[in-house]
Amino acid sequence: MSRLENMVEFVSGSPQFRIKETTEDTAPLYNYYGQSDLEADLVGMDSNGGDGKQVRTFDKVNTLCPGDVIFSLISGKSAIVGVKHRGYLYTQNYVKLVAGNEIDSKYLAFLLNEDQSIKKQFQMGLQGSQVLKYTLKQVKELELPDLPPIDRQRMIGDLYFYQLRIEALKKRAANLEIYILLEKLREAIHKL
């Protein structure tokens with residue numbers, strides 16, 4: 001077993017309260033990366049417009065690139081950043097995990113989201129605390145299970161994200177069927 005901090009580099013998000021906002025048009029405009037963006041990246045679909053929060057600033061802020069592994073200190077979930085979220089600003093509620101050569105990015109996200117031993121470690125860290133928020137220290141100190149060879153990791157990671165996407169598409173299709181059925185019922189009622 002090895003600790004996560006020995007496998008990846010951690011890049012904390014920009015402290016939101018320290019960002020100096022400006023109204024000058026020449027300042028870069030950033031979109032904030034939010035929980036709905038993370039959920040969308042997890043299933044490889046568009047977020048519903050996200051939180052839509054933006055900020056104009058000349059400050060140096062931490063932004064995301066497609067393929068980055070992002071971990072939410074609020075939900076305890078991780079995802080792979082999608083192309084749609086290129087250049088999004090992430091706050092101190094998120095940590096970017098830069099995987100080394102020994103661990104595949106998608107496999108890392110799979111482990112953090114699904115591995116039972118990691119879930120147990122998180123539960124133990126949260127016991128007795130009032131605020132259900134994960135700390136960077138907790139994430140760094142996670143003990144990882146023995147890793148399969150990198151090609152197996154890639155296969156598992158790809159299958160994991162493929163399965164999440166399939167589930168999301170099925171859910172979307174079911175919701176659309178319900179919506180269509182309800183519309184037909186409304187039309188039928190109006191015809192009475």
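Key figures
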read-out	value
Every residue from the range 61-71 that is under 23 Å from LYS133 (Cα atoms), without any contact (Cβ under 8 Å) to a residue 40 or more places away in the chain and not acidic (Asp, Glu)	THR63, LEU64, ILE70
All positions within the range 47-63 that are modelled with pLDDT under 90 and more than 20 Å from TYR160 (Cβ to Cβ)	ASN48, GLY49, GLY50, ASP51, GLY52, LYS53
Filter result for ARG154 (at pLDDT 90 or above, of a type in the set (Lys, Arg) and within 13 Å of ASP104 (Cα to Cα))	yes
Count of the range 111-147 residues which are among the small types (Gly, Ala, Ser) and either modelled with pLDDT of 90 or more or surrounded by 14 or more Cβ atoms within 10 Å (Cβ to Cβ) (or both)	2
Any hit, the range 20-33, residues being assigned to a helix (DSSP H, G or I), within 21 Å of CYS65 (Cα to Cα) and modelled with pLDDT under 95	no
3 or more residues in contact (Cβ under 8 Å) with a residue 40 or more places away in the chain: qualifying helices (runs of 4 or more DSSP H) within the range 74-183	105-114, 136-140
Matching option when the condition is exposed (fewer than 14 other Cβ atoms within 10 Å of the Cβ) and either more than 21 Å from ALA40 (Cα to Cα) or in contact with a helix residue (DSSP H, G or I) (Cβ under 9 Å, 6 or more places away or on another chain) (or both), among LEU181, LEU164	LEU181
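The values are calculated or read from the model by the stated rules, or taken from the named source; none is laboratory data. Since the structure is predicted, the reported quantities are computational estimates derived from the model, not experimental observations. Methodologically, a virtual Cβ is constructed for each residue, glycine included, from the backbone with ideal geometry; neighbour enumeration extends over all protein chains shown.
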